[in-house]
Structures are given as structure tokens and as C-alpha cells.
């Protein structure tokens, strides 16, 4: 069967014909590789580069977070006009956060949950067993679908490389694949990190390096997909050695890797396997973002941030002074009904101190307590807010973690002002990675909405 997979245009991209956000759509390429292995004919379009003018009867799109829900609904309308009997596959982690009823209310009868293998297989007319597991499929056949001019654009900037998925920790605000706790029963569903087959990782990375060199690129900037880079040291060591081998095989291409880490995981590896971190640095690890996410024990306990006995400051200091890795301070803060003015002030001071002492680049985000897939979304007490979002999908934009707080996410006006103040202060610090955006709140006039959208244009979270 012929299947068209589309990366929708970034929600903050300028109007066409300008280029949108150029970033390799790795999750979409993974879906393409699985379908190719299952015998399907796949074509790819990135609407940040060119507009799709024709849809196939089976078309799939990738939602990069909650703000893409309105964009997905636009595709439902496009599909209804162009392929009224067609099927629209919807993928991306946010899709897995919806109940069956919520999914149907948002995307109608032609929408299919592309994250569910049984539904995906049925939509393309194959048995579920024909789809290989994501960790067992090479992305090379999908990379080969990309024209040189497209691949050149992707490789000219940082791109995400699929290495693993899943996190053992259970931070309440996180909507990724991680250990979770049912808010009604309290039952915990543990998740363990799953690595891709490392022989496939080796082949995929070698292909990218070889193609980069053919395209005249002498450096690759790689963002590793791990939610917590150091949580599975044995597999990480294998990966480090894969990358060392590639580095030796292709001396003409510099490899620079960035990853995320939990403070606990990094500190434990530093204590017991410090040579592993040295191997990673030798392989090209240059930057690590630490999930600080607050500055007080009360906040950390409330959101289940598992720092334990380890200090965020110590982890960042060791990262910088011992290993020469550039640290980032990831600060998800402004947790509604958890933070207050004092905890926000302390969080801001901590970020500034980490930057001044250890060069930790600030990467702040405003916590959104109710996001598809996280604890707040599943909590029955938030049913009214969830229903309002599903009924008014344009409001999903206010769930963007880079957005200033809104009346929906932070109902108390005084606290909303406090969160805004400290968030903007950090965003305006030197070396800050985050560009904040404005929320598209309900009740805005046409002029106000145009101002918000104009301000947000081109402010991509990278």
C-alpha cells in the first residue's frame, strides 16, 4: 500500500513560502522505516520545507507535543476535503495521552492512533506481526527517501538520533514514556529504558556520517533521544564504544553529542563508573542538560523529582570541572498549587548561580500540570479542565512548556504574575537556550490574537 507521511509545519513557523523550523523528524522517519520493512511504499513530506498539495488515502502526521493538536485538526479538515474516504494516521507521544473517547472527539472517525500497532497495521492492510519493533529497525531506508538538499538542511544543524526510549523515574509533570502512578488507585506501572539494537545504531550513524561527508559536512551535532542518558550504564558504555569506532573510522567528521540526565543517574555513574563518562567525552559528548526542576525539597517531593541524596549543584559542578562537559540547567518550575513566591525566587537564584559558577546554560520551562499523558491529565479532579481542552482544541497551545502561564494553567492571577516574572528573568539571562512564547488564551480579540501569533513566530524550542 502507498502511505504518505507528513511532518506538519511548526506551529510558530512564519507563513509560506518562508521556510519553517528545519529539524530532522526522527520519529516520523522511524515510522517510515517500520512501514518500509513491512512492505509498504512510503513517501515523506516536511511542510516546514514544502507544502503538501495532495494527500493519499492513507496519510500519517507527527504531532510534536500538545500545541500540535490544532494543526492535526486542520489536517482532518484537509483530509475530509481531499480524501473523504481516507484514513489519517496520527503519531507522536501526545497522541498516546488521549483516551479513546478524547481521541475520537478531537480527530473524528477518519483518525487512527498510529502509535497503536494493531490500529496502524489494520489501516495499511497488514498483520500486526509484520511491523518490526522500533528498536529493531534501521532508519537507513527512511534516510534514503530524503533528497540531498533536504538531508543537507537537516545535517547542517542539530538533529535528534533515536538511541533509546523510556525512563524509570516518575516526575509528575512529565508526559513522556516513564514510570507512572495511577492518581486514583496509587498503583505504579514501572518503565525501563529500552535501547535500540546497537549494531543497528552503528549502521545508522555510519550512514549519516558518510552522507554528511558526501554533502560537504565536517561536523554533526547530535541530540540523543534518551530521557535520562545515564540510567543504563552497561548499554551506554556499548554505545560509547560504537561512537569511538565511528570517530576512528571517519576522522574527517567531528561528532558532537548532547543529552539529558537525571542528577541521580549521573552522580551514581560518576561515583562507580567515572571512566564511562570519560569514554563518552572521548566519543563526542560535549553537553548535558540536568533536570533541576525546582530549588526546594518541598517542590521536589511534590512533583516526585528524584534527586535523593544528590545535589544538583554538585552534579553540574562535577560535569563542568571534572569532565569538561558544558552543563545545562533544565528548570521546569511554576508548578501550580506547589510552588510559591519564595520557591520561585530560590529557583531563579539557583539557575543564576549555576550559570555564573559553572557556565550552566539556563533552559527554563513553565510547568503545565495538565498535559495529555501526565499525572494531572489522568487525575479525575481535573476532568472539567480536560474536557474544556478537548472541546476547545485551540487551547492546547497554552500547554506549551515554553509558554508563559495562562489563566487555564495557572488560575490564580497573583501566582501567574510571579511565575511570569521569574520565568522571563531567566529567559533573558545570557546563554539561555529557551525562547518564551505567549499563550493563545481564550477571550483574546482578533487584534490581541494576531499580536500573540506575531510575537511567537519563529521562536522554536531547540
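Read-outs throughout are calculated quantities, based only on the coordinates presented, and are distinct from any laboratory measurement. Everything numeric in this text was worked out from a predicted model, so none of it was measured. For neighbour counting, all protein chains shown are included, and Cβ atoms are generated from backbone atoms with ideal geometry for every residue, glycine included.
Given the convex hull over the Cα atoms of region 149-234, what projected area results after averaging over all orientations, in nm²?
Average of the hull's projected areas for region 149-234 equals 7.3 nm².
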Multiply the residue separation of residue 199 and residue 135 by 0.36 nm, subtract the distance between their alpha-carbon atoms, and state the gained length in nm to one decimal. 22.0 nm
Contour excess over end-to-end distance, with Cα ends at residue 457 and residue 301 and 0.36 nm allotted per residue: 52.5 nm
Cα→Cβ-extended label distance, 7 Å offset, between residue 412 and residue 176, nm: 3.0 nm
Quick check: the distance between the Cα centres of region 114-155 and region 350-420, to the nearest angstrom? 32 Å
With only alpha-carbon atoms counted, please give the Rg and Dmax of region 234-340, in Å. 15.9, 53
Mean projected area, convex hull of alpha-carbon positions in region 2-136, reported to one decimal in nm², is 7.7 nm²
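Arranged from highest to lowest average of other beta-carbon atoms within 10 Å per residue, in what order do the peptides 167-175, 110-118, 3-11 appear?
Output ranking for 167-175, 110-118, 3-11: 3-11, 167-175, 110-118.
Apply 1/(1 + (r/R0)^6) to the Cβ-Cβ distance of residue 37 and residue 449, taking R0 = 45 Å, and write down the FRET efficiency to the nearest 0.05.
Efficiency for this residue pair is about 0.55.
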Restricting everything to alpha-carbon atoms, can you work out Rg to Rh for the chain with a Kirkwood hydrodynamic radius? 0.94
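Can you compute the FRET efficiency between residue 2 and residue 356 using 1/(1 + (r/R0)^6), with r the Cβ-Cβ distance and R0 = 41 Å? Round to the nearest 0.05. Mind dumping the intermediate values first?
On the way: r = 56 Å, r/R0 = 1.37.
Between residue 2 and residue 356 the formula returns 0.15.
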Between residue 349 and residue 256, what is the FRET efficiency for a Förster distance of 30 Å, r being their Cβ-Cβ separation, to the nearest 0.05? 0.45
Average Cα contact separation per residue, region 1-125, under 8 Å, 6 or more apart, as relative contact order %: 26 percent
Take the Cα of residue 218, step 7 Å along the line toward its Cβ, and report every residue of region 242-263 whose backbone nitrogen sits under 19 Å from that point. 247-257
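Once you order the gyration tensor axes a ≥ b ≥ c over the Cα atoms, which shape class does region 71-127 get: rounded for a/c under 1.5, otherwise prolate or oblate by comparing a/b with b/c? Can you show the working numbers first?
Working: a/c = 1.91, a/b = 1.10, b/c = 1.73.
Oblate, because a/c is 1.5 or more while a/b does not exceed b/c.
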Quick one: work out the % antiparallel among DSSP beta bridges in the chain, nearest 5. 10 percent
Which order do 193, 85 fall in if you start with the one that has the fewest other Cβ atoms within 10 Å? 85, 193
Got the relative contact order for the chain handy, in percent, Cα pairs under 8 Å and 6 or more residues apart? 14 percent
How would you rank 292, 177, 42, going from fewest to most other Cβ atoms within 10 Å of each one's own Cβ? 177, 42, 292
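Based on other C-beta atoms within 10 Å, arrange 154, 68 from fewest to most. Walk me through the numbers on the way to the answer.
Working: 154 21, 68 25.
With the sparsest Cβ surroundings first, the list reads 154, 68.
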Please report, for the Cα atoms of region 317-398, the Rg to one decimal and the Dmax as a whole number; what are they, in angstrom? 17.1, 52
